[in-house]
1. Among 108-116, 151-159, how do they line up by average Cβ neighbours within 10 Å per residue, starting with the highest?
2. Under the Kirkwood approximation for Rh and a Cα-based Rg, what ratio Rg/Rh is obtained for the stretch 124-203?
3. Give, in nm to one decimal, the length gained when the segment between residue 247 and residue 68 is fully stretched (0.36 nm per residue of separation minus the Cα-Cα distance).
4. Where does each of 191-198, 399-406 land if you order them by average Cβ count within 10 Å, highest first?
5. Give me, ordered by chain and number, the residues 5 or more places off residue 132 or on other chains with an amide H under 5 Å from its own placed amide H.
6. Mind grabbing the accessible area of residue 272 for me, 1.4 Å probe, Å², rounded to tens?
7. Quick check on my link table: of 221/429; 290/445; 270/315; 301/384; 362/429; 96/122, which ones sit more than 30 Å apart, alpha carbon to alpha carbon?
8. Please give me the summed charge of the neighbours of residue 480: other residues whose Cβ is under 11 Å from its Cβ, Lys and Arg +1, Asp and Glu -1.
Amino acid sequence: MDSEDDMHDAYDADSLDEDFYSGGTPMGSDDGDADYDFVDNESEDSEDITSHRQQQNYTILNISDIRQHQDEDISRVSTVLSISRVAACVLLRHYKWSVSKVHDEWFADEENVRKAVGLLEKPLEMPHTRELTCGICFESYPRVEMSAAACGHPFCGACWRGYIGTSVTDGPGCLMLRCPDPSCGAAVGEDMINMLTSNDDKEKYSRYLLRSYVEDNRKTKWCPAPGCEFAVEFVMGSGSYDVTCNCSYSFCWNCTEEAHRPVDCATVAKWILKNCAESENMNWILANSKPCPKCKRPIEKNQGCMHITCTPPCKFEFCWLCLGAWSEHGERTGGFYACNRYEAAKQEGAYDESERRREMAKNSLERYTHYYERWATNQSSRQKALADLHSMQVEKLEKLSDRQSQPESQLKFIIESWLQIVECRRVLKWTYAYGYYLPEHEHAKRQFFEYLQGEAEAGLERLHQCAEKELQVYLEAEAPMKDFNDFRTKLAGLTSVTRNYFENLVRALETGLKDVGPSSNQATCSKSSSSKNLVGGKGSKMGKVKVTGTSSRVAGRTTDDGNLWSCEHCTYANPRSLNVCQMCEKHR
């Protein structure tokens, strides 16, 4: 963090207005002790940020792609080890489709590997006699009607079909099939499956083999969306775990839950478990009910006097306040709406422990409810935004194209804005789970976090309103409107600013707000610097805002054109004839 003088200077600057789009100055020290690497949209590093955003560390695979990858791996192992494709498939299946693992183990101890997977170095043939006895049904058959694995143990066609068919019906375990002879461990490969079984069993075996390439492979996973048949191949150790499938579902590669940045997988697991568990039910019961003194069943009192009668078969009558028998109460104890015994015992501390437990449960429940309701609200808002996005793509975009005489290719900025709204709703939703598990004693971080969260909500609402309500004017227009291009500029600018803010917000929360110290003064200074530079510049070294004549430098942006003025809040370059910013609608 900067020195106190720098902080006071920053507070004195007029540019540091409490607004989402403010272009405040970063207070990082000269040695690069960064706030959170917050990035200005006009900085030299913006291209790097954009390219990083567009880079994918995963590949979406359809069924044909999976089969092709599988065949390539089998061919590679077969070529390098000079073994058949069937044997290569058995090896890869045993080592969970890891080509490097197969190579390492094979060249380290080929004999041991062959023994482990059931591959004989020198295959044996069946005895050369006219008739052979089946090892399962013990019937004699001509040699041409018998079949054997590499071990040479002969079995008739009917027994092979029954043995393989039962294994295939039992599930993916058929991929590790061995010779039916109890004393033999020779592998039964796909070639024998195709030669000896029915078409249905062949299809099932092929499907199991294909699925095993995804499910047993550390590099690939199925998309968890219901009904989706795409798989994802992921490059490990390459940054974010967020994956977006071709079916449009976004999920976390690590835990396969829905995408949940900035919250880590462990926190998501705890949050989902808490939402499903009975713990909050017990908290509610403890906070809002009392047990019957006789049968101990919980009773909720929502109105009326203090005279409580338990339900049948108990029917015990008692005082709600002191839980004593009602037969001992009356006018002398305060009547129906008070209890002198309770007040006296409370003053003596008789109810301190139970009241403390009830108060703690109530506070815990209220806190959980606060975060859960907002988490669920943003989830609902995201679902509605997805529906609005679909409506825009299917219906409204064509209508807008007709009304404003614009080709649909020129209206992609609207789709981009809705996609950004959907993504921001997801991020905002998970910030409430983040806030719930933020330690209570870290007051500075909590204060800073709540400030950032509030700024994010305000900026997102501004973008949402522009994309929804302001766009409606142009959808309902009878003729092309002259200011549509101004609307385009405004919405595209809001989308860009909001995207940068949320991306940097995610990065800040993922690092645990590590630059926020324990003192309240540091939290306040961080709020005035780091948060305002969520739309600032990576590694940018800027001083206070200075405006001289027609050249102004605000948030790293210099405007030398005498016909333009740069907004101190969002850095947008406006015509000099205007006194209100076209982007954020703030006054000069």
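The values are calculated or read from the model by the stated rules, or taken from the named source; none is laboratory data. The structure presented is a predicted model; accordingly, all values stated were derived computationally and were not measured. Here the Cβ positions follow ideal geometry from the backbone for every residue, glycine too, while neighbour counts run over all protein chains shown. SASA here: full protein model, heavy atoms, side chains in, ligands and nucleic acids out. Shrake-Rupley method; radii C 1.70, N 1.55, O 1.52, S 1.80 Å.
1. Taking the mean over residues of other Cβ atoms within 10 Å, the ranking is 151-159, 108-116.
2. Taking Rg over the Kirkwood Rh, I get 0.95.
3. Length difference between fully extended and current span is 62.4 nm.
4. Per-residue mean Cβ counts within 10 Å order the peptides as 191-198, 399-406.
5. 141, 143
6. Estimated to the nearest 10 Å², residue 272 gives 50 Å².
7. Check vs 30 Å cut-off fails for 290/445; 270/315; 301/384.
8. -1
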